[in-house]
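The values are calculated or read from the model by the stated rules, or taken from the named source; none is laboratory data. Computed from a predicted structure; not experimentally measured. FYI the Cβ positions are ideal-geometry reconstructions off the backbone, even for glycines, and counts take in every protein chain you see. Keep in mind that these areas ignore ligands, DNA and RNA; they rest on the heavy atoms of the full protein, side chains included. Shrake-Rupley method; radii C 1.70, N 1.55, O 1.52, S 1.80 Å.
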Amino acid sequence: MLTGLLRCGLCGAKLVGCSGVFLCRKNPRTGEGCSGIYLTSSHTEKFITEAVLTRLNSPRLIDYIKSKAVNTSSLSAHSELTTISEKEIELAEMFGVGELSRVELGAAKAKLNKRKFELERVLSKEMGAISLGEDLGSPEVIVKKWASLNLDRQRVILKAVLERVNVQKAKSGIVVFDPSRLEPVWKF
């Protein structure tokens, strides 16, 4: 569930999940990793999940969604996507009555599709928090339905709320799970 979100607090490398643990592993190809961090995945996932669900019930989420909802670049992107849809219909009509050849239609559609992809990518980054509530209704519903959501959906929600989680080195002599080692970096 936390793949790609956990970072080594010593070297900054992404932690790797392996056989019930997360660890900072030295990558022979890239040279990243220091092998200095190791922790159990079940306790870590439970702690981070509880922290995210608590964060979803905070007033900060509402403020964050509002700030994203009034973002003028997002509104502009939505407007341009609507215009692109209208142009696609117009092109199809022009092709249907013989005003455009198949080659001209293909070239025009390729140009529109490229721009559409760019706009959708911008919106997906800017509107991450809003997508949390679109199909689930509200943060309260997300919290209630969390256990029934599939792993992919849970990961989408975690990534919409968290930038990353920095994992610090264990204190000498402590062999039990220590939540103070986990430092969430929130998006809001």
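Here is the list for the stretch 153-188: trypsin sites (Lys or Arg not before Pro) lying in DSSP coil, each with at most 12 other C-beta atoms within 10 angstrom of its C-beta, are K171. Legend: distances between Cα atoms for K87/K159; K116/K187; K109/K187; pairs beyond 31 Å are K87/K159; K109/K187. The mean accessible area for residues of the stretch 145-187, using a 1.4 Å probe and ignoring ligands and nucleic acids, is 59 Å² per residue.
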